[in-house]
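**Student:** What follows is a structure written as structure tokens; I'll ask about it next.
The values are calculated or read from the model by the stated rules, or taken from the named source; none is laboratory data. As the structure is a prediction and not an experimental result, all values here were calculated from the model. Every residue, glycine among them, receives a Cβ derived from its backbone with ideal geometry; neighbour counts consider all protein chains shown. To get the accessible areas, we keep the full protein, side chains included, count just its heavy atoms, and leave off ligands, DNA and RNA. Shrake-Rupley method; radii C 1.70, N 1.55, O 1.52, S 1.80 Å.
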Amino acid sequence: MRIKFWGVRGSIPCPGPQTVKYGGNTACIELRFDDIDRLIIIDAGSGIRELGNYMMANDLPKGSIETDLYLSHTHWDHIMGFPFFVPLYLPTTKIRVHGPVTHEVDDTLETIVGGQMTYRYFPVRHVELAANIAYDHLKEDRFDLGDGITLTTKYLNHPILCLGYRFEYKGKVFCTSYDTEPYTNIFCTDPSDPSYDEGMDVEGEVVAKEQNQVMEQFLEGADFVVYDAQYTQAEYEDSKVGWGHSSMEYVVETAKRCRIKKMALFHHEPLRTDKQMDDLAKDYCCSGEDGGPEIFFAREGMEIIL
Amino acid sequence: MNSDLMDSNDSQVTKIQKYIDRMPSLSTTVTKVLEVCNTPNASPNDLNRVISLDPVLTGQVLKLINSAYYSLPNQISSLARAIIMLGLNTVKNLALSTAIISTIGKHDSFKSLPMDDFWSHSICVGVTAKALAAQQNIPIIEREEYFVAGMLHDLGKIPLNNCFAAEYVQALQLAELEQGPLIHAEKLLVGIDHGLSGRLIGEKWQLSDTMIQSFCFHHDPASASSGNRSLVATVALANLYANIYEIGSAGDLFPKASFLLDILDIVGLTWQDLGPLYNVVCGEIDKAQIFLKVAEKDRNEN
Ligand SMILES: [Zn+2]
Ligand SMILES: [Zn+2]
């Protein structure tokens, strides 16, 4: 498997002189299986625009484009690049879009993702797209993707339904785990509070602990994990609990516990400058030479081969 | 198909099954549901509480959580667990969409059983079942299931009361006249009792076996499977307790004394053990009523 980052930011693109090194585009990851000529794309943040251009120049000359796009969820930073993905405008392109859909009356993946393409938002309507596009509502499950690739999906802890992906191929494991934060007991834990309920408190504690364990089993032993690490622990505790993103401290510890070999910290806070990222890297990143996990900040253009 | 279903009138079963899909929430709680769900920072405790105080909403939210929509690996029978696993927003949206759909046509929803009395009865049985679970030293984390089973045990009366309103009024009158059990009158006059009707709901909503058995067998816990018998008997005891102390009413006012002894035997408690419950149960019901009334008062003042 070959993994390349085309977008690593969270929330909103933030191009500019302060973000040249790590990049300003929102989430998009290319996953190649070179020996079987398969391409999977994870998320359609603003980074997918550049990937599309690359595919037009490099894949198209070898034959028509066929790919699967797996969306972690439908928050805007993960789908905003979709209308700018040029292969959609070729009649020869075949693309299958997979992703979770939050339960709201009448919403489908097609209306949420394709709904960006109405004249009110964009000059081209979804119905005018030339490519053959199929949509697939994804749940927590295990899939055989053919050619020896298997995929396991896992619900994450985010304000809307969001999936983590675990791809396995030829004995190697690649996982995505964003956007997410650790499960916590969100029920009132203060017995003097009038709304306190002992049953809820105890159950909340038990279920949160159990769900964190299930999450760790999902990541266990992975060769490479892309993990949400938008905040430092101090930022997280100060005002970001419940926003659906993790702290660097938490994911670094998780990587050790789960014996993850390599981990990219991902979904960077848009306010973070290159200089600040370099400083944080000194505290949180490690080479893995001590036998522990190798940890680094994901950078646009970076490529990992498993 | 089960023999019970075969014996009953097919057209009645079909009528109930159709009705289940548009079964309304109790208007006793719906104002508060809307208030909590429309609050941007609704607290998880309030959300859990407001859903659990409405037996129809609880059942429908559990149905959605366990539906193919999420295809979760294990059945979830607790709202607290669902709120942690799927998130506050997801559960809030489920409750909101259910409550809004459910309020349509709520005016004709309770024809002969007064709704507020039915609600008081349901919560009394839920709270009592949970308190009895504590007396039996059931672990805290399992007690919520007793509450939910108690709260939902009489759901089957709602379709009977609405699909066969005229017959149901007669059944209630007959039970009172005979000073006998309501299920006999239901069978006689409607052709289906609320145990069977409850099972139709439980099966349609794909609720857990434990839940379905407590709907079917709370008038006959000895028939419950051995794994569920103790919980079902606890719900049955809570139901008798509510009827004897006349806390709320769901039309079933004349329990047989011998039945009470049988159930106490299964649960392993004596009538004396139930003495200290009264204050606990009344306190919990008061709290729930206050919790629900705050919304109503605010609305009336506006
Ligand atoms: Zn995001
Ligand atoms: Zn998000």
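**Student:** Let me check the size of region B:24-104 from its C-alpha atoms; what are the radius of gyration and Dmax in Å?
**Tutor:** 11.6, 34
**Student:** Moving on to the next point. Can you pull the three principal axis extents for the Cα set of region A:132-284, in Å, largest first?
**Tutor:** Sorted from largest, the Cα extents of region A:132-284 read 58, 41, 35 Å.
**Student:** Please get the size of the charge dipole for region A:1-132, origin at its Cα centre, with Cβ charges of +1 on Lys and Arg and -1 on Asp and Glu, quoted in debye to the nearest 20.
**Tutor:** Dipole size: approximately 400 debye.
**Student:** Find the accessible area per residue for region B:109-302; the probe is 1.4 Å, ligands and nucleic acids are left out, and the unit is Å².
**Tutor:** 41 Å²
**Student:** Could you compute how much accessible surface B:Ile140 exposes when probed at 1.4 Å, giving the result in Å² to the nearest 10?
**Tutor:** Rounded to the nearest 10, that gives 50 Å².
**Student:** What's the buried accessible area, both sides, between A and B using a 1.4 Å probe, rounded to 100 Å²?
**Tutor:** Heavy-atom accessible area buried at this interface is about 2600 Å².
**Student:** Can you compute log10 of I(q)/I(0) for region B:196-302 with the Debye formula, treating each Cα as one identical point scatterer, at q = 0.18, 0.19 Å⁻¹?
**Tutor:** Debye output, listed in q order: -0.98, -1.04.
**Student:** Let me ask something else about it. What full-extension length gain, to one decimal in nm, is calculated for B:Ala257 and B:Ser223 as 0.36 nm per residue of separation minus the Cα-Cα distance?
**Tutor:** Here the segment from B:Ala257 to B:Ser223 would lengthen by 10.4 nm.
**Student:** How do B:Phe215, A:Phe122 rank by accessible surface area computed with a 1.4 Å probe, from largest to smallest?
**Tutor:** A:Phe122, B:Phe215
**Student:** Tell me, what is a quarter of the convex hull surface for the C-alpha atoms of region B:59-185, in nm² with one decimal?
**Tutor:** The Cα convex hull of region B:59-185, projected and averaged over all directions, gives 9.8 nm².
**Student:** What is the pair-distance distribution P(r) of region B:205-250, computed from all Cα-Cα distances in 5 Å bins starting at 0, with each bin given as a whole percent?
**Tutor:** Result returned by the calculation: 5, 26, 27, 19, 15, 7, 1.
**Student:** Could you give the Stokes-Einstein D for region A:1-55 in µm² per second, using the C-alpha Kirkwood radius, 4 °C, 1.567 mPa s?
**Tutor:** Calculated translational D: 112 µm²/s.
**Student:** Right, next: In whole Å, what three semi-axes, largest first, describe the equivalent ellipsoid of region B:108-162 built from its Cα gyration tensor (square root of 5 times each eigenvalue)?
**Tutor:** With the √(5λ) rule applied to region B:108-162, the semi-axes are 27, 10, 6 Å.
**Student:** At R0 = 41 Å, how high is the FRET efficiency between B:Ser67 and A:Ser287 if r is their beta carbon distance? Nearest 0.05 is fine.
**Tutor:** 0.30
**Student:** Run through every distinct alpha carbon pair of chain B and return the Kirkwood hydrodynamic radius in angstroms, one decimal place.
**Tutor:** Evaluated over chain B, this radius sits at 19.4 Å.
**Student:** If you don't mind, there's one more thing I want to ask. Do any GluC sites (Glu not before Pro) in region A:16-124 lie in a DSSP loop with no more than 13 other beta carbon atoms within 10 Å, and if so, which?
**Tutor:** Answer by residue number: A:Glu104.
**Student:** Using only the alpha-carbon atoms of chain A, report the extent along each of the three principal axes, biggest first, to the nearest angstrom.
**Tutor:** Principal extents (largest minus smallest coordinate, Cα): 65, 50, 42 Å.
**Student:** Just want to confirm a number: the relative contact order over region B:109-302, from Cα pairs under 8 angstrom separated by 6+ residues, in percent.
**Tutor:** 26 percent
**Student:** If you keep only loop residues by DSSP, which GluC sites (Glu not before Pro) in region B:209-302 have at most 15 other Cβ atoms within 10 Å of their Cβ?
**Tutor:** Answer by residue number: B:Glu246.
**Student:** If you take the Cα atoms of the protein assembly as shown, find Rg, then find the Kirkwood Rh from the mean of 1/r over all pairs, what is Rg/Rh?
**Tutor:** Using Cα coordinates only, the ratio equals 1.05.
**Student:** For B:Tyr168, what accessible surface area do you get with a 1.4 Å probe? Give it in Å², rounded to 10.
**Tutor:** 0 Å²
**Student:** Tell me the trypsin sites (Lys or Arg not before Pro) within region A:127-236 that lie in a loop according to DSSP and have at most 12 other beta-carbon atoms within 10 Å.
**Tutor:** The qualifying sites are A:Lys170.
**Student:** May I pose another question? Per-residue mean of other chain beta-carbon atoms within 10 angstrom of the beta-carbon, peptide B:74-85?
**Tutor:** Shielding by partners across B:74-85 averages 5.
**Student:** About the Cα centre of region B:19-79, what is the dipole size in debye to 20, counting +1 per Lys and Arg Cβ and -1 per Asp and Glu Cβ, all else neutral?
**Tutor:** Its charge dipole is roughly 60 debye.
**Student:** Could you grab the relative contact order for region A:1-127? Cα pairs under 8 Å, six or more apart, rounded to a whole percent.
**Tutor:** Relative CO of region A:1-127 lands at 20 percent.
**Student:** Another question, if that's okay. Assuming 1.306 mPa s and 10 °C, estimate D for region A:109-171 with Stokes-Einstein, Rh taken as the Kirkwood radius over Cα pairs, in µm²/s.
**Tutor:** 111 µm²/s
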